[in-house]
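**Student:** My structure is below; once you've seen it, I'll send some questions.
Nothing in this text is a laboratory measurement; each read-out follows from the coordinates by a stated rule. Not measured: the values here are computed from a predicted model. Here the Cβ positions follow ideal geometry from the backbone for every residue, glycine too, while neighbour counts run over all protein chains shown.
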Amino acid sequence: MNSSPSRRQFLGLSVAAASAALLTACTSGGQDTATSTASGRTRILPTDRLVSTTENRRPTTGKTVSAALTAAPFTAALAEKKIGTWGYNASLTGPTVRAQTGDTIKVDLRNRLPQPTTIHWHGLALRNDMDGVQGLTQDAVPGGSAFAYQFTAPHPGTYWYHSHIELQRERALSGALIIEDPKDPVTADHEWVIVLDDWLDGITGTPDQAYAAVSAGMGSMNMGSSSSSSGMGGMDHSNMGGMGGMGGSGSSSSPADGKSFMLMGATSDYLGGDAGDVRYPLHLVNGRTPNNPDTLAAAPGDTVRLRIINAAGDTAYRVGIPGQKITLTHTDGYPIEQAQVDAVVLGMGERIDALLTVRDGFTPLLARPEGKTGLALGLIKTGTGKPPIPEALPSTITGTVTDGSRLTAHPSARLAQKKPDVVHRVRLTGSMMAYDWGINGRQFDEKNPFNGAFEVEPGQRVQIDFVNETPMWHPMHLHGHTFQVATSGARKDTVIVRPKETVSIFFDADNPGQWLLHCHNAYHAQKGMMGVLSYVQRQSR
């Protein structure tokens with residue numbers, strides 16, 4: 001008889017009760033307990049005094065910025081139809097939360113959803129018990145209940161927030177979080193916060209139906225003897241129907257209106273092969289389609305600071321302005337050696353700050369889904385000319401194209417050179433054929449989250465080698481920290497790892513607790529491409 005808690009039971013347990021349940025479940029299986037490792041090392045849990053001590057050491061302004069977010073079902077107008085979805089404050093893009101470095105951020109969450117929920121503050125090195133990971137750092141907030149998030153804003157930059165429960169982020173449960181630097185050397189006449197998103201909810205079905213379809217894997221389809229476990233990149237099966245199974249929220253698995261959720265034949269040379277799993281009918285800028293674009297008013301010669309956030313579930317975007325270069329200044333909140341480019345590619349979870357000088361007329365900001373068809377569009381207008389016709393815009397932007405993993409940290413953001421104290425090898429495993437995405441051949445199990453955990457001690461310099469053994473790219477995200485890519489690359493919290501590529505990252509273990517490490521493809525993470533970076537108490541030397 002299996003006495004381990006079920007997935008739903010696990011989400012409903014308190015952190016303390018979950019630890020007790022894990023203690024029982026893991027001890028019976030000979031694995032690590034919730035409070036200690038197999039070797040007897042003590043884990044530093046979110047309730048540990050060291051977590052609050054670390055928070056209290058952060059510089060503060062003494063100011064508090066308050067916001068209220070209500071997560072609830074609502075009806076929205078999108079693509080000339082009414083759709084039902086879930087969001088914050090009845091909006092397709094949650095309200096922007098804005099503070100300054102050192103401010104206390106207090107956000108009151110009210111859950112009016114038919115499911116538990118949480119909020120994760122993506123990219124912030126905040127206190128562990130406010131990170132918003134159900135069952136690991138906090139209790140999931142039941143429907144009809146409330147929770148107050150409160151933490152110090154540690155670093156300036158462009159960040160965002162989103163639900164961390166199952167596929168809720170694939171609806172509208174996300175928004176921008178901007179931490180301003182009073183001494184920011186970057187100045188501009190305007191600031192434009194841009195949230196990019198791929199969208200299917202209420203159009204072709206629900207995210208749970210899409211997950212049920214793709215997670216069955218191509219191996220469930222009669223593809224003939226030519227199919228292989230290495231994936232199906234380059235084959236165009238875009239008209240194939242969805243596949244069966246039960247959705248993660250108990251939704252019907254049959255595709256709405258017979259539409260297909262499976263995207264096949266989508267490839268990108270830039271991303272190294274297969275571009276994505278899921279077919280999306282719409283791509284949005286701040287909750288708007290290209291036929292009704294979000295628009296910024298400016299004057300010719302004005303400088304605009306773009307803060308661009310990729311909140312998508314399965315889509316990288318190539319972002320730029322036809323015929324005009326943009327100047328990149330920050331990635332994932334941290335300054336870089338500025339670079340002039342024609343376009344920048346953002347993986348899911350990544351952010352980029354850029355500057356542009358406004359030209360007379362209408363300036364189209366294009367976000368083309370990399371390796372897929374479609375368009376997300378925003379406009380800058382000066383009061384002259386006519387807006388461009390979306391169908392007439394370029395199908396891609398070529399020239400100088402880069403991404404955050406290929407940028408260089410500004411000297412002020414670089415880590416001091418230091419030999420790593422610990423090196424972890426994180427193998428990205430799985431295939432589209434079996435849809436068995438995981439880390440080191442293991443799929444994450446919420447009933448035993450510390451199985452295969454990557455242990456670190458406070459004060460260590462940590463090296464993680466992401467080794468992608470799969471035929472698909474993965475945007476890998478580390479909670480609660482920023483890392484440096486290689487020895488002089490950009491400071492980031494999310495990085496693109498291409499097929500058969502190894503990307504090494506470095507960071508200092510200066511934020512104790514239990515932190516998720518996962519692919520930010522929503523469907524890959526849901527399937528199990530997640531692990532835990534686990535702080536343990538220092539050993540006696």
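**Student:** Tally Lys and Arg at +1 and Asp and Glu at -1 over the other residues with C-beta under 11 Å from the C-beta of R98: what net charge comes out?
**Tutor:** Net charge in that neighbourhood comes out at -2.
**Student:** A further question follows. Would you calculate, for the chain, the mean residue ellipticity at 222 nm contributed by helices, counting each DSSP H stretch of 4 or more residues as -39,500 (n - 2.57) and dividing by all residues, to the nearest 500?
**Tutor:** -2000 deg cm²/dmol
**Student:** OK, next. Step through the residues of region 55-71 one at a time and calculate ³J(HN,Hα) from phi using the Karplus curve (6.51 cos²θ - 1.76 cosθ + 1.60, θ = phi - 60°), rounding each to whole Hz and writing x for Gly and Pro.
**Tutor:** For region 55-71, the Karplus curve yields 4, 5, 7, 6, x, 10, 8, x, 9, 10, 9, 10, 8, 10, 10, 10, 8 Hz.
**Student:** Next question, about the same structure. For the chain, what size does the Cα cloud have along each of its three principal axes, sorted from largest down, in whole Å?
**Tutor:** Cα spread of the chain along its principal axes, largest to smallest: 69, 59, 45 Å.
**Student:** Which residues' amide hydrogens lie under 5 Å from the amide hydrogen of A339, considering only partners 5 or more residues apart or on another chain, with H built in the peptide plane?
**Tutor:** Excluding prolines and chain starts, which carry no amide H, the hits are L328.
**Student:** Also: T396 versus T96, label points 7 Å from Cα toward the beta carbon: distance in nm?
**Tutor:** Placing both labels 7 Å along Cα→Cβ, they lie 3.2 nm apart.
**Student:** Taking a spot 7 Å from the Cα of Q324 along the direction of its beta carbon, which residues of region 369-396 have an amide N less than 18 Å from it?
**Tutor:** 376-390, 392-396
**Student:** Further, regarding this structure: Hey, got the dipole for region 61-184? About the Cα centre, +1 on K and R Cβ, -1 on D and E Cβ, debye to the nearest 20?
**Tutor:** Once rounded to the nearest 20, the dipole reads 320 debye.
**Student:** Enumerate the calculated ³J(HN,Hα) couplings along region 309-326 in order (Karplus 6.51 cos²θ - 1.76 cosθ + 1.60, θ = phi - 60°), each rounded to whole Hz, writing x wherever the residue is Gly or Pro.
**Tutor:** Each residue of region 309-326 in turn: 10, 9, 9, 6, x, 9, 10, 8, 10, 9, 10, x, 10, x, x, 9, 7, 10 Hz.
**Student:** Tally the DSSP beta bridges in region 61-184 and give the antiparallel ones as a percent, rounded to 5.
**Tutor:** Looking only at bridges with both residues in region 61-184, the antiparallel portion is about 65 percent.
**Student:** Among the DSSP beta bridges whose two residues both lie in the chain, what percent are antiparallel, rounded to the nearest 5?
**Tutor:** The answer is about 70 percent antiparallel.
**Student:** How do R427, R57, R351 rank when sorted from fewest to most other Cβ atoms within 10 Å of their own Cβ?
**Tutor:** Ordered by Cβ neighbours within 10 Å, fewest first: R57, R427, R351.
**Student:** Spelling out what I want: for every residue of region 370-384, take phi, set θ = phi - 60°, compute 6.51 cos²θ - 1.76 cosθ + 1.60 (Karplus), and round to whole Hz; glycine and proline get x.
**Tutor:** Rounded to whole hertz, the list is 5, x, 10, 9, x, 7, 10, 9, x, 10, 10, 10, 10, x, 10.
**Student:** Also, I was wondering about something else. May I ask which residue of G87, A146, T303 lies farthest towards the positive end of the charge dipole of the chain, with charges of +1 (Lys, Arg) and -1 (Asp, Glu) on Cβ and the Cα centre as origin?
**Tutor:** Positive-end residue among those listed: A146.
**Student:** A follow-up question, please. As a quick test, which of the pairs K82/K106; K63/K325; K419/K500; K372/K500 have an alpha carbon distance above 31 angstrom in this structure?
**Tutor:** Where the Cα-Cα span goes over 31 Å, the pairs concerned are K82/K106; K63/K325.
**Student:** Let me ask something else about it. At a 10 Å Cβ-Cβ cut-off, how would you order K418, K447, fewest neighbours first?
**Tutor:** Ordered from fewest to most neighbouring Cβ atoms within 10 Å, K418, K447 come out as K418, K447.
**Student:** Could you tell me the center-to-center distance, by alpha carbons, between region 99-119 and region 290-344 in angstrom?
**Tutor:** Here the answer is 27 Å between Cα centres.
**Student:** Under 24 Å between alpha carbons, and skipping anything fewer than 8 positions from K418 in its own chain: which lysines qualify?
**Tutor:** K492
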